[in-house]
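One structure is given here, and the rest of the page talks about it.
The values are calculated or read from the model by the stated rules, or taken from the named source; none is laboratory data. Note that the structure is predicted; figures quoted are calculated from it, not measured. Positions of Cβ are backbone-derived with ideal geometry, glycine not excepted, and every protein chain shown enters the neighbour counts.
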């Protein structure tokens, strides 16, 4: 679960947005200040909505979904679909794998385990592999 509460003033959001080709709006700024403060994190839209509300930032859930979609489309965050109806967002857009624990509503980074992806899949003619997402689903032991 996420614990960010205050914005990190060292983040230059206007430059970050401009570099990504994304227009800097008041709503995106509020969301980004909260999302990108405090280092890398995993969050879903409902969690982000609750955190912003708890910090006195009143934005609609639709605005948050739209901003997350825009951030993902401009490579500011990474979208992790763990099921047909559950999507997480990761501020670490580098290549890495995840563990997902649905009973705890939690996603976490996998430690680097020397999994070679160099020859994971040969794409069809005319296509290239742009990324490979691996999510390992976990459940507590009985």
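A few comments on the model shown:
- Selection of the stretch 102-134 for residues being over 24 Å from residue 64 (Cα atoms), surrounded by 10 or more Cβ atoms within 10 Å (Cβ to Cβ) and either at pLDDT 85 or above or under 17 Å from the mean Cα position of the chain (by Cα) (or both) yields 110, 132, 134.
- Out of 45, 32, sole residue that is in contact with a helix residue (DSSP H, G or I) (Cβ under 6 Å, 6 or more places away or on another chain), surrounded by 15 or more Cβ atoms within 10 Å (Cβ to Cβ) and within 18 Å of residue 100 (Cβ to Cβ): 45
- Sole residue being touching a helix residue (DSSP H, G or I) at 6+ places or on another chain (Cβ under 9 Å) and either surrounded by fewer than 17 Cβ atoms within 10 Å (Cβ to Cβ) or assigned to a loop (DSSP other than H, G, I, E, B) (or both), chosen from 58, 40: 58
- Residues that are assigned to a helix (DSSP H, G or I) and touching a residue at least 40 places away in the same chain (Cβ under 8 Å), drawn from the stretch 18-30: 20, 27, 28
- All positions within the stretch 61-101 that are surrounded by fewer than 13 Cβ atoms within 10 Å (Cβ to Cβ) and outside any loop (DSSP other than H, G, I, E, B): 62, 81, 83
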